[in-house]
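For reference, the structure is listed below as structure tokens.
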Amino acid sequence: MNEMLDKPLPRISPDTKPFWDGCAQHRLLLPTCVDCDKPHLPPGPVCPFCFGDQLEWRPSKGLGQISTFTVVHKAWFPSFAGEIPYNVVQVELDEGPRLSSALVNMSAGDLSIGDRVSVVFVELGPMTLPYFEKS
């Protein structure tokens, strides 16, 4: 059996299903408030800016800059020990919200706050995840 299928997957709840469905189609979809037109993550029952309750999932270009990063260590996630260490970044998207994700083709020595990155989609087992690479 595929080793990736034996590992726990991120929880998919009803309010994030459009995000994961978009990733499967290699599209980044973000929740956007219909009333004030501001995107936000994580999605929730109301907009954190205007408290409107109508959200719409819209396509994003997936461009932004690194605002923080860390190296994940083996002790934090023992079930993923074979893939660790790896870098996790928080990306300030040009559309407004932040996404936390891993990087492709970049090591810790290549990272700087403010680096421009763009989304790429990586298929891991049954899921497609949004990662980032240097623009």
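None of the figures in this text is laboratory data; all of them are computed from the coordinates on show. The shown structure was predicted, so the numbers you read here are calculated from the model rather than taken from an experiment. Cβ coordinates were reconstructed from backbone atoms using ideal geometry, including for glycine residues, and neighbour counts include every protein chain displayed.
Each Lys or Arg adds one and each Asp or Glu subtracts one; over the other residues with Cβ under 12 Å from the Cβ of S135, this totals 0. Neighbours of P59 by Cβ distance under 10 Å: Lys/Arg scored +1, Asp/Glu scored -1, total +2. If R0 is 25 Å, the Cβ-Cβ spacing of Q25 and Q65 corresponds to a FRET efficiency of close to 0.50.
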